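Remarks on the structure that follows.
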Amino acid sequence: MDSQLEMVRKVYDLTVEQYRQGINPLDSVPEEVKNSPGCIALMADKGALGSAAPDIKEYLAPEHGMRFLDVGCSANLVNYRLDRWPSTYYGVDISPRLVEAMKAFARREQIPVGELEVAEVSSLPFEDSFFDIAAVIGVLEYCTLDYIRGALQELNRVLKPDSRVVLDIPNRNHPYAKDMARLEKHLARPNFLHSRSKFERLLKPLFLTERIDDSRVMIKYFVRTVK
C-alpha cells in the first residue's frame, strides 16, 4: 500500500507542475482510451461526481459554526470554491504540491480556511470529534480494503457523533467501470474495483448508511457516524 500511495502522490505532484506549464495530463492518454464511451461519459459527469456535487452539499447541509473536512481535497478549493459554503473549510491531501498550491491560492485570494494539511486519511492530524461534516470523494478507490478499514476508523475518530459524511467507491458493476479503470491506469494511478459488499461490511460498524446512490460509475454513500 505504501508504494501505491507514493505513486499516486507523485502523479498529483506532477499534475500541479503540468498545469503550471499549460500541459493537460489527459494529452498523454491514448485516444482509444480517452474516446471510449465510459471516459467521455465520465468527463461529462464530472460535476455530479466531484466534492461539490449538489447532492453532497444538500446532504451535508453546511452551516455557520460547522467544521467541514474535505479528504483528498486536491484542487477543490480552486475548482469548486468550497470555502463559500457557510461551514469552515479544512482540506487534507497526500500531495504536498497540491496542498502548497491551495495554500498559495487561499493567501492570494484572502480566503479564510481552517487548515490545509498534507496527510493520509489513515492518519489525520486533528483531535477526536473535531469535525461536523466530511466528504471523502475520489480517494478510497486507490486503497486496499485493509487500508480502508483503518481509514474509516480514523475518519470516525475525528468526526463528532452523528456527523454527516459522504464517501464514494467505484461501481464495478457499472458499464463504464472498466473504461474508468483503464483511464486511471494510463494516468499512473491505478484504482481498485472492490466488492461493494466487502466495503459495506467495513462501513457498517462505524457509520449508519442513510442513502446509497449507485446510478453512476462511482457509488456514493450518505452516512452518519456511529459512536
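The values are calculated or read from the model by the stated rules, or taken from the named source; none is laboratory data. Here the structure is a predicted model, which means the values were calculated and not measured. Virtual Cβ from ideal backbone geometry, glycine too; neighbours counted across all protein chains shown. Surface accessibility is based on the protein's heavy atoms, side chains included, excluding ligands, DNA and RNA. Shrake-Rupley method; radii C 1.70, N 1.55, O 1.52, S 1.80 Å.
Worth pointing out:
- Selection among V118, L98, I169 by position relative to the dipole of region 74-171 gives L98 as farthest towards the positive end (Cβ unit charges, Cα centre).
- Region 65-125: C-alpha gyration tensor shape, a/c 1.5 cut-off, then a/b vs b/c: oblate
- Cross-link pairs K57/K220; K178/K220; K10/K220 - those with Cα-Cα distance over 21 Å: K10/K220
- Gyration tensor verdict on region 85-185 (Cα atoms; rounded if a/c is under 1.5, prolate if a/b is larger than b/c, oblate otherwise): oblate
- Residues of the chain: accessible area per residue with a 1.4 Å probe, Å²: 48 Å²
- Sorting I23, I40 by solvent-accessible area of protein heavy atoms yields I40, I23, largest first, with a 1.4 Å probe.
- Bridgeable lysines around K227 (alpha carbons under 22 Å apart, same-chain partners fewer than 8 residues away excluded): K160, K198, K204.
- Whole-number percent relative contact order across the chain, with pairs defined as alpha carbons under 8 Å at least 6 apart: 22 percent
- Adding -39500 (n - 2.57) for every DSSP H run of four residues or longer, then dividing by how many residues the chain holds, sets the calculated 222 nm ellipticity at -11500 deg cm²/dmol.
- Stretching A188 away from D162 to a fully extended chain increases their span by 5.7 nm, per 0.36 nm per residue minus the current alpha-carbon distance.
- Sorted from greatest to least, the principal axis extents spanned by the alpha carbons of the chain come out as 47, 44, 33 Å.
- For the chain, the share of accessible area belonging to carbon and sulfur comes to 49 percent (1.4 Å probe, ligands and nucleic acids excluded).
- Three-way shape label, region 146-227, alpha-carbon gyration tensor, a/c 1.5: prolate
- A Förster distance of 25 Å, applied to the separation of the beta-carbon atoms of V33 and K198, puts the FRET efficiency at 0.35.
- Taken one residue at a time, the phi angles of region 7-21 give Karplus couplings (6.51, -1.76, 1.60, θ = phi - 60°) of 5, 5, 4, 5, 4, 6, 4, 5, 4, 4, 5, 4, 5, 5, 8 Hz. Gly and Pro are set to x.
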